[in-house]
1. Output the residue which, of all residues in the stretch 119-153 that are surrounded by fewer than 18 Cβ atoms within 10 Å (Cβ to Cβ) and touching a helix residue (DSSP H, G or I) at 6+ places or on another chain (Cβ under 8 Å), is modelled with the highest pLDDT.
2. Return the residues of the stretch 238-267 that are in contact (Cβ under 8 Å) with a residue 24 or more places away in the chain and in a helix (DSSP H, G or I); say none if nothing qualifies.
3. Out of contact with any helix residue (DSSP H, G or I) (no Cβ under 6 Å at 6 or more places or on another chain) and at pLDDT below 95: does that describe residue 206?
4. Determine which member of the set 62, 66 is surrounded by 15 or more Cβ atoms within 10 Å (Cβ to Cβ), within 25 Å of residue 190 (Cα to Cα) and touching a strand residue (DSSP E or B) at 6+ places or on another chain (Cβ under 9 Å).
5. With (1) assigned to a loop (DSSP other than H, G, I, E, B); (2) under 22 Å from residue 206 (Cβ atoms); (3) modelled with pLDDT of 90 or more as the list, and residue 16 as the residue in question, which single condition is left unmet?
6. Restricting attention to the stretch 224-237, report how many residues are assigned to a loop (DSSP other than H, G, I, E, B) and surrounded by fewer than 17 Cβ atoms within 10 Å (Cβ to Cβ).
7. Inside the stretch 38-56, can you point out the residues that are part of a loop (DSSP other than H, G, I, E, B) and under 12 Å from residue 260 (Cβ atoms)?
């Protein structure tokens, strides 16, 4: 029972909530306002048993030669459907947190002449992680994602990964078994506490994976000065070490998790 609970808790930290059908979200009971993203099983999504809210507060995502620190908190909230995954109402899901990519747009493309047209702040490059398929909850959390690279120079659709070819994470609080040259790394379930009114909390949880591969970039186009967009996928790939084989990438996701029985949230 304990191992199953920890598996659900770990999943709630890392899995982006699956969008539920549009509906007017029910207001949670006093003391449970942080679970507003969890669907009410009576009025929104039948079968929801647990409500979760997690905040990823740190860690990193290394893909190819780029290692992006997680500096902006990412809030995830929703409800757990047994053996199916997470669902969310209009107030839940995953926040679109923009993480700064070291080296900026020049480091990503190698186009040093961009410095002549933009100030250093205007060359800041951001990465946003988005869901790219159905998460699967088990002893590990299978999470297909894509990474949106955001800068005006790149156009609006510069991604690493897609729905057709996602980055497939298998996150764990245990120890990984990656192919070489990576070596095993270990996560943590964190420190458990029971908060009023009736909320389970895990502080300092860490989910890890260093066994995934990463595809090449797609949709990256040079769009300066109104010229016809020119594909720079090759530049992005060469500067970023993409595609990157399994055993050369790594993610660590540190955060805090809260969980409550849905019958307490929506009595």
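1. Here the answer is 124.
2. Start the filter on the stretch 238-267 by keeping residues that are in contact (Cβ under 8 Å) with a residue 24 or more places away in the chain, which leaves 238-262, 264-267.
Within the stretch 238-267, 238, 239, 240, 262, 264, 265 qualify.
3. Details: out of contact with any helix residue (DSSP H, G or I) (no Cβ under 6 Å at 6 or more places or on another chain): yes; at pLDDT below 95: no.
Considered against the rule, which asks whether it is out of contact with any helix residue (DSSP H, G or I) (no Cβ under 6 Å at 6 or more places or on another chain) and at pLDDT below 95, residue 206 comes out as no.
4. Working: 66 fails: within 25 Å of residue 190 (Cα to Cα).
So the residue among 62, 66 that is surrounded by 15 or more Cβ atoms within 10 Å (Cβ to Cβ), within 25 Å of residue 190 (Cα to Cα) and touching a strand residue (DSSP E or B) at 6+ places or on another chain (Cβ under 9 Å) is 62.
5. Every listed condition holds for residue 16 apart from (3).
6. Here is the first cut: in the stretch 224-237, the ones assigned to a loop (DSSP other than H, G, I, E, B) are 227-229, 232.
Of the ones still in play, those that are also surrounded by fewer than 17 Cβ atoms within 10 Å (Cβ to Cβ) are 227-229.
So the answer is 3.
7. Pass one, the stretch 38-56, residues part of a loop (DSSP other than H, G, I, E, B): 38-49.
Matches in the stretch 38-56: 38, 48, 49.
Here's the yes/no breakdown for (1) at pLDDT 90 or above; (2) in contact with a helix residue (DSSP H, G or I) (Cβ under 8 Å, 6 or more places away or on another chain):
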position	(1), (2)
57	yes, no
63	yes, yes
69	yes, no
73	yes, no
76	no, yes
86	no, yes
92	no, no
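The values are calculated or read from the model by the stated rules, or taken from the named source; none is laboratory data. Quick caveat, the model's predicted, so the values are computed rather than measured. Quick reminder, even Gly has a Cβ in these numbers, built from the backbone with ideal geometry, and neighbours come from all protein chains shown.
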